[in-house]
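Enquirer: One structure follows; several queries about it will come next.
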Amino acid sequence: MNKRLTAMVSILNGMVVQSYSYNKYLPIGTPEIVCENLSRWNADEIIISLIDLSKKKCPPNLKLLEKISSSNISTPLIYSGGIRNVQDATNVINSGADRVVIDCILQEKNIDLINNISNKIGSQALILSIPVIIKRDHLYRYDYISNHEIPFNNIIKTLDALNFSEVLIIDKLNDGGDEFNLKILNLVHNYFNCNLMVFGGISNYKIIKELTKFDQVSSIVIGNSLNYKEIQISNIKNKFKKKFRKVNYE
């Protein structure tokens, strides 16, 4: 199975930012321009992640999503940020997103709610996001709302009860860095067997090459580095021709 090359667009206060481990941000540009560029450069899909909404308990920014989706973009859009219920998820899909990502409501008490979202928009349109940290060879889910680390064993029961398409695994400690921790994938594999999107510290050919060796990885998600080189997506796909979808030159 050829892997997808997904672009991550992190948005804070209406501007695209470069993120460093969820606590430091540098401005990049306006969301619609950044997304137009990534679409023109042939990203397989774009994740629009509004990183401040859930913490502020704000609903999805539908106006921004509509503005991006109605611009010169042909690339499928994935939306993340502020989704609290079925209506939020439905509104996001109706506003131009192809799929949605949820994180903050990923709790055992919300199993029925998440499955209701899945039933409404379709399980293929639902992605679960799990920021992770390794401590003493054990895997933890990082809850960025409470800034707490939750043992992975504590969320497995919840994951087993949910209907979804993929899991977005985020290397929290290497977000904005240059070396995704491959040990995360070896540990995650012990817990569940589903398609994984991986993100955090993926900025060079060496780590990309290693990630392509994992059959469980369906998408390699890159953020900061794609915004600084116009042909970076083409370079990656040409470097690993047999691993990624073909470059669609215009």
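Enquirer: Would you be able to say whether some residue in region 17-30 is buried (at least 17 other Cβ atoms within 10 Å of the Cβ), not in a strand (DSSP E or B) and not aromatic (Phe, Trp, Tyr)?
Expert: Within region 17-30, not a single residue is buried (at least 17 other Cβ atoms within 10 Å of the Cβ), not in a strand (DSSP E or B) and not aromatic (Phe, Trp, Tyr).
Enquirer: What pairs can you find where one residue is in region 124-144 and in contact (Cβ under 8 Å) with a residue 60 or more places away in the chain, the other is assigned to a loop (DSSP other than H, G, I, E, B) and surrounded by fewer than 19 Cβ atoms within 10 Å (Cβ to Cβ), and their Cβ atoms are less than 6 Å apart, with a gap of 6+ or different chains?
Expert: Taking only residues 6 or more apart or on different chains, the pairs are TYR144/TYR22.
Enquirer: For region 163-174, does any single residue satisfy the condition of being surrounded by fewer than 17 Cβ atoms within 10 Å (Cβ to Cβ), over 19 Å from the mean Cα position of the chain (by Cα) and not small (Gly, Ala, Ser)?
Expert: no
Enquirer: Right, another one. Residues in region 57-65: is at least one within 18 Å of the chain's Cα centre (by Cα) and of a type in the set (Lys, Arg)?
Expert: No, the conditions are met nowhere in region 57-65.
Enquirer: What pairs come up if the first residue lies in region 239-250 and is outside any loop (DSSP other than H, G, I, E, B), the second is modelled with pLDDT under 85, and their beta carbons are under 6 Å apart, counting only those six or more places apart or on different chains?
Expert: none
Enquirer: Then there's this: If GLY96 meets every condition in (1) on the phi > 0 side of the Ramachandran plot; (2) at pLDDT below 95 apart from one, which number is that one?
Expert: Unmet condition: (2).
Enquirer: Look at region 1-28 and say how many of its residues are out of contact with any Pro (no Cβ under 7 Å at 6 or more places or on another chain) and without any contact (Cβ under 8 Å) to a residue 60 or more places away in the chain.
Expert: Initially, region 1-28 is screened for residues out of contact with any Pro (no Cβ under 7 Å at 6 or more places or on another chain), giving 1-8, 10, 12-14, 18-28.
Next, only the ones that are without any contact (Cβ under 8 Å) to a residue 60 or more places away in the chain stay: 12-14, 23, 25-27.
Looking only at that region, the number is 7.
Enquirer: Something else: Residues in region 36-47 that are in contact with a helix residue (DSSP H, G or I) (Cβ under 9 Å, 6 or more places away or on another chain) and either without any contact (Cβ under 8 Å) to a residue 40 or more places away in the chain or part of a strand (DSSP E or B) (or both): how many? Don't jump to the end; show me each part of the working.
Expert: Step one: filter region 36-47 for residues in contact with a helix residue (DSSP H, G or I) (Cβ under 9 Å, 6 or more places away or on another chain), giving 36-38, 41-44, 46.
Checking which are either without any contact (Cβ under 8 Å) to a residue 40 or more places away in the chain or part of a strand (DSSP E or B) (or both) leaves us with 36, 46.
Residues in region 36-47 being in contact with a helix residue (DSSP H, G or I) (Cβ under 9 Å, 6 or more places away or on another chain) and either without any contact (Cβ under 8 Å) to a residue 40 or more places away in the chain or part of a strand (DSSP E or B) (or both): 2 in total.
Enquirer: So GLU179 passes all but one of these: (1) buried (at least 18 other Cβ atoms within 10 Å of the Cβ); (2) part of a loop (DSSP other than H, G, I, E, B). Which condition number does it fail?
Expert: (1)
Enquirer: Return only the number of the condition from (1) part of a helix (DSSP H, G or I); (2) surrounded by 17 or more Cβ atoms within 10 Å (Cβ to Cβ); (3) at pLDDT 85 or above; (4) of a type in the set (A, V, I, L, M, F, W, C) that LEU226 does not satisfy.
Expert: (3)
Enquirer: Among the residues of region 48-69, is any of a type in the set (Ser, Thr, Tyr), closer than 26 Å to PHE164 by Cα and in a loop (DSSP other than H, G, I, E, B)? If you could, list the steps in order and put the result at the bottom.
Expert: Here is the first cut: in region 48-69, the ones of a type in the set (Ser, Thr, Tyr) are 49, 54, 69.
From what is left, the residues that are closer than 26 Å to PHE164 by Cα are 49, 54, 69.
Add one more test, that the residue is in a loop (DSSP other than H, G, I, E, B), and what stays is none.
Within region 48-69, none of the residues are of a type in the set (Ser, Thr, Tyr), closer than 26 Å to PHE164 by Cα and in a loop (DSSP other than H, G, I, E, B).
Enquirer: Okay, moving on. Give region 49-80 a look and list any residue that's touching a Cys at 6+ places or on another chain (Cβ under 7 Å) and buried (at least 22 other Cβ atoms within 10 Å of the Cβ), or say none.
Expert: The one that is touching a Cys at 6+ places or on another chain (Cβ under 7 Å) and buried (at least 22 other Cβ atoms within 10 Å of the Cβ): ILE68.
Enquirer: Would you point out which residue out of ILE127, ILE73, ILE133, ILE111 is β-branched (Val, Ile, Thr), closer than 23 Å to CYS35 by Cβ and outside any loop (DSSP other than H, G, I, E, B)? Even if it seems obvious, please write down each step before you answer.
Expert: On the way: ILE73 fails: outside any loop (DSSP other than H, G, I, E, B); ILE133 fails: closer than 23 Å to CYS35 by Cβ; ILE111 fails: closer than 23 Å to CYS35 by Cβ.
Being β-branched (Val, Ile, Thr), closer than 23 Å to CYS35 by Cβ and outside any loop (DSSP other than H, G, I, E, B) holds for just one of ILE127, ILE73, ILE133, ILE111, which is ILE127.
Enquirer: Can you tell which of TYR144, TYR140 is of a type in the set (Phe, Trp, Tyr) and within 18 Å of SER54 (Cβ to Cβ)? Write out each step before concluding.
Expert: Numbers: TYR140 fails: within 18 Å of SER54 (Cβ to Cβ).
Step by step, each of TYR144, TYR140 is checked, and only TYR144 is of a type in the set (Phe, Trp, Tyr) and within 18 Å of SER54 (Cβ to Cβ).
Enquirer: Check region 115-124 and report whether any residue there is surrounded by fewer than 16 Cβ atoms within 10 Å (Cβ to Cβ), of a type outside the set (Val, Ile, Thr), within 18 Å of the chain's Cα centre (by Cα) and closer than 30 Å to LEU182 by Cα.
Expert: Yes - at least one qualifying residue is present in region 115-124.
The values are calculated or read from the model by the stated rules, or taken from the named source; none is laboratory data. Everything quoted here is computed from the prediction, not taken from an experiment. Here the Cβ is made from the backbone with ideal geometry for all residues, glycine too, and neighbour counts use every protein chain on show.
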